[in-house]
Amino acid sequence: TSTLAVTTDTWVQNPDYPDSQVSSQELKSGTYDGGTDTARSYLKFDVSKFTGKHITSATMSLYNYYSATCSTSGAATVVKRITSTWSSSSITWGAQPSTTTTGMASNTGHWGYTGCAANWSNWNLQTITQAWADGSTNYGLQVRADSESDSTTWRRFRSANYTTSGYAPKLVVTYNSYATTSSLAISPSSVNAYSGKRYVTTYTPTLSAKVTDTDGSTVKAQFEITNDPSYSGETSYSYTGTSSSVASGSTAKLAIPSASQLAASHLRMRVRGYDGTDYGSWSSYIYFVPNVAKPNAPTVTCDPYTQDTWTPKASGSVTCTLDT
């Protein structure tokens with residue numbers, strides 16, 4: 001879990017404060033007079049450390065020191081993901097960035113009025129933060145009233161510029177890293193130098209792979225064996241098994257049980273890591289062929305010589321045939 005401080009925040013209000021209030025000690029949203037005066041706030045957090053992570057929770061908190069009501073039945077204060085560029089120093093009411101309702105978070109609580117002392121207001125931003133982790137550009141967040149004609153939506157929050165510490169906007173994110181794999185192997189096996197095919201010489205080989213979790217968790221390896229789709233008409237085969245847990249960065253191993261003999265002729269294998277919370281991505285495939293039976297000894301014939309018999313030296317050339 002990481003707690004992020006806001007990197008920039010500001011607000012604009014129509015019509016009295018149309019330019020950015022980037023140096024203000026507060027943030028505002030909503031309206032107190034049916035929409036005649038309306039405020040919106042803008043914030044941004046640096047979420048680059050979560051790229052490629054699984055976000056299990058994300059909560060943005062603003063310290064709400066004044067509201068127009070204590071009621072929770074009015075229109076919500078919403079947080080939207082911004083989808084275009086903006087500058088906290090130059091944003092104006094007339095030139096605001098675009099937003100999306102995808103992942104929009106709502107809060108209907110109000111604090112800082114008679115009967116409801118100032119307190120933290122929270123928004124669930126798991127979907128928005130996951131979108132950033134998955135590659136969506138982080139342009140920041142907009143805080144506004146869901147209905148900008150509802151006078152109960154007026155709210156004022158402490159900004160990052162507030163002189164007393166401990167009240168600045170924050171984003172608390174809990175995440176999990178996906179386990180990775182490398183060095184996938186199957187033993188005993190060897191690659192035929194002529195055909196390039198990997199041959200496995202037992203029906204109960206041992207599968208192995210190095211598994212790593214950047215969070216330091218213990219990791220398991222899940223192996224999957226299926227038919228090579230390049231060869232049709234062969235006996236269908238499918239096996240999935242998971243190793244015991246090993247320390248991150250160690251090699252996980254799994255022996256194929258004897259009851260799961262590799263009956264097909266051409267197979268492929270892949271692996272993925274599992275840290276107890278998430279499965280990582282599948283590795284690329286290793287292709288192999290079970291070849292357990294020993295080959296028969298070749299027959300050799302050499303005319304005019306006869307097998308197991310002493311024969312005089314041939315007077316001319318001799319033709320020998322090896323049948324493999």
For this session: List every residue pair whose Cβ atoms sit under 6 Å apart, with the two residues 6 or more apart in sequence or on different chains, where the first one lies in segment 52-72 and is farther than 17 Å from Met104 by Cα and aromatic (Phe, Trp, Tyr) and the second, anywhere, is open to solvent by less than 30 Å² (accessible area, probe 1.4 Å) and part of a loop (DSSP other than H, G, I, E, B).
Result: Tyr65/Gly112; Tyr66/Gly112
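Report the residue count in segment 107-165 for those that are in contact with a Cys (Cβ under 6 Å, 6 or more places away or on another chain), surrounded by fewer than 22 Cβ atoms within 10 Å (Cβ to Cβ) and on the phi < 0 side of the Ramachandran plot. Can you show your working first?
The initial filter retains those residues of segment 107-165 that are in contact with a Cys (Cβ under 6 Å, 6 or more places away or on another chain), namely 110, 113, 115-116.
Those left that are additionally surrounded by fewer than 22 Cβ atoms within 10 Å (Cβ to Cβ): 113, 115-116.
Pick out the ones that are also on the phi < 0 side of the Ramachandran plot and you get 113, 116.
Within segment 107-165, residues that are in contact with a Cys (Cβ under 6 Å, 6 or more places away or on another chain), surrounded by fewer than 22 Cβ atoms within 10 Å (Cβ to Cβ) and on the phi < 0 side of the Ramachandran plot number 2.
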Problem set entry | Residues located in segment 88-105, provided they are part of a strand (DSSP E or B), over 25 Å from the mean Cα position of the chain (by Cα) and in contact (Cβ under 8 Å) with a residue 12 or more places away in the chain | Thr92
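Keeping to segment 169-201, report how many residues are open to solvent by less than 30 Å² (accessible area, probe 1.4 Å) and more than 30 Å from Arg156 (Cα to Cα).
Let us first name the residues in segment 169-201 that are open to solvent by less than 30 Å² (accessible area, probe 1.4 Å), namely 169, 171, 173, 176-177, 179, 186, 200.
If we keep only those that are more than 30 Å from Arg156 (Cα to Cα) too, we end up with 176-177, 179, 186, 200.
Qualifying residue count for the region: 5.
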For this session: Find the strands (runs of 3 or more DSSP E) located wholly in segment 160-204 whose residues include 1 or more that are within 30 Å of Ala58 (Cα to Cα) and among the β-branched types (Val, Ile, Thr), and list them.
Result: 170-176, 180-187
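Going through Ser258, Ser236, Ser248 one at a time, which residue ends up being more than 14 Å from Phe223 (Cα to Cα), surrounded by 15 or more Cβ atoms within 10 Å (Cβ to Cβ) and out of contact with any Lys or Arg (no Cβ under 7 Å at 6 or more places or on another chain)?
Details: Ser258 fails: surrounded by 15 or more Cβ atoms within 10 Å (Cβ to Cβ); Ser236 fails: surrounded by 15 or more Cβ atoms within 10 Å (Cβ to Cβ).
Just a single option satisfies the conditions, and that option is Ser248.
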Exercise. Within the set of pairs 6 or more residues apart or between chains, which connect a residue that is at positive phi inside segment 200-219 to a residue that is assigned to a loop (DSSP other than H, G, I, E, B) with Cβ atoms less than 9 Å apart?
Worked result: Gly216/Ala247; Gly216/Ser248
Exercise. Of all the residues that make up segment 2-52, how many are at positive phi and under 27 Å from the mean Cα position of the chain (by Cα)?
Worked result: 1
For this session: Could you pull out the residue among Ser317, Ser281 that is in contact (Cβ under 8 Å) with a residue 60 or more places away in the chain, of a type in the set (Ser, Thr, Tyr) and in a loop (DSSP other than H, G, I, E, B)?
Result: Ser281
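Condition check ((1) within 30 Å of Val79 (Cα to Cα); (2) out of contact with any Phe, Trp or Tyr (no Cβ under 8 Å at 6 or more places or on another chain); (3) modelled with pLDDT under 95) across all residues:
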residue	(1), (2), (3)
Tyr178	yes, no, no
Ser189	no, no, no
Tyr231	no, yes, yes
Ser244	no, yes, no
Seminar exercise, completed: Among residues of segment 1-21 being touching a residue at least 24 places away in the same chain (Cβ under 8 Å) and buried (at least 19 other Cβ atoms within 10 Å of the Cβ), the residue nearest to Ala168 (Cα to Cα) is Val6
Exercise. So Ser244 fits all but one of (1) touching a Ser or Thr at 6+ places or on another chain (Cβ under 8 Å); (2) outside any strand (DSSP E or B); (3) within 24 Å of His54 (Cα to Cα); what number is the exception?
Worked result: (1)
Exercise. How many residues are open to solvent by less than 20 Å² (accessible area, probe 1.4 Å) and either outside any strand (DSSP E or B) or without any contact (Cβ under 8 Å) to a residue 60 or more places away in the chain (or both) when one looks only at segment 261-274?
Worked result: 3
Exercise. Ser88 passes all but one of (1) farther than 23 Å from Ser24 by Cβ; (2) modelled with pLDDT of 95 or more; which number fails?
Worked result: (1)
Problem set entry | Scan of segment 126-182 for residues that are more than 30 Å from Ser217 (Cα to Cα) and polar (S, T, N, Q), ordered by number | Gln142, Ser147, Ser149, Ser151, Thr152, Thr153, Ser159, Asn161, Thr163, Thr164, Ser165
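Can you spot a residue in segment 298-308 that is in contact with a Lys or Arg (Cβ under 7 Å, 6 or more places away or on another chain) and not in a strand (DSSP E or B)?
Quick first cut of segment 298-308, residues in contact with a Lys or Arg (Cβ under 7 Å, 6 or more places away or on another chain) only: none.
Within segment 298-308 (the criterion being in contact with a Lys or Arg (Cβ under 7 Å, 6 or more places away or on another chain) and not in a strand (DSSP E or B)), the answer is no, since none of the residues qualifies.
The values are calculated or read from the model by the stated rules, or taken from the named source; none is laboratory data. None of the values given here were measured: they were computed from a predicted structure. Glycine gets a Cβ as well: all are built from the backbone with ideal geometry, and neighbour counts include every protein chain shown. Accessible surface is based on the protein model in full, side chains and every heavy atom, while ligands, DNA and RNA are left aside. Shrake-Rupley method; radii C 1.70, N 1.55, O 1.52, S 1.80 Å.
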